[in-house]
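To keep things clear, I will list the structure first and then write my remarks on it.
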Amino acid sequence: MSIKKTSPIFVFVSILMLALFLSNCASTKSKSSTSSSQNQEKDTIIIENDSLNYKLVILDYGFESWLKSKSQRNDYTQQYLEQKNENYVFEYNSRVRNSRGYDKNLYQFSIEYDPETDYGYDVNYMLYHYFLFFEEKYNQNLRR
C-alpha cells in the first residue's frame, strides 16, 4: 500500500496504532465510553482531509496528555516537520523490513508516507510528535 493523493485512506498511524493498541490492551473502549480503565487513558486523535483522501488516526494510551505537556503548535515549520517525518518513516520501515534486534510487536507494518504529498501542518505535527512519544514510551531511538 502506498500513500498517494488518490489513495482512500492515510493508513500510516491507524494500522500501527491498532497493532500496538491490540497488543497492549485486553479490551478496547471508546473515549466516550462510561466504563473506562481506571489506570489508563485511551487517546484517539483523528485528522482527516477529504480533498486529499487521507485519514490519520492515532490510538495510544497517554499520547494526548503527553502531547499537551510538550511544545506549542507553532514551534516548528511544516518543512521541518516533513523532513523529520520522512527520516522517522525511513528508519521505522527499515526496522520493519529487518526486524532482527527489534521488537516485532512494535514494527509490524510498513508506513507509507509520500514526501511529495502536502499533508498539511496538523498531520505532520501529530505524526512527528507521535514518533517522539513512540520513542519515549517504548524506549526506542529512531533518530540516526
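With a cap of 15 neighbouring Cβ atoms within 10 Å, and only residues DSSP puts in a loop, list the GluC sites (Glu not before Pro) found in the range 95-144. Please report the intermediate quantities before stating the final value.
On the way: sites: 112, 116, 135, 136; in loops: 112, 116.
When the GluC sites (Glu not before Pro) of the range 95-144 are filtered for loop state and at most 15 Cβ neighbours within 10 Å, 116 remain.
Would you give the gap between the C-alpha center of the range 112-144 and the C-alpha center of the range 63-98, rounded to a whole Å?
Rounded to whole Å, the Cα centres lie 3 Å apart.
Is there a pair in 84/104; 55/104; 68/137 whose C-alpha atoms are over 19 Å apart, and which pairs would that be? Please list the in-between numbers first.
Numbers: 84/104 23 Å; 55/104 25 Å; 68/137 15 Å.
Checking Cα-Cα distances, 84/104; 55/104 exceed 19 Å.
Using the Kirkwood radius built from alpha carbon pairs, what does the Stokes-Einstein equation give as D for the range 84-125 at 25 °C and 0.890 mPa s, in µm² per second? Mind dumping the intermediate values first?
Values: Rh = 11.3 Å.
In µm²/s, the coefficient rounds to 218.
A short reminder: the numbers here are calculations on the coordinates, not readings from a lab. All values derive from a computational prediction rather than experimental measurement. Positions of Cβ are generated from backbone atoms using ideal geometry, with glycine treated the same way; all protein chains shown enter the neighbour counts.
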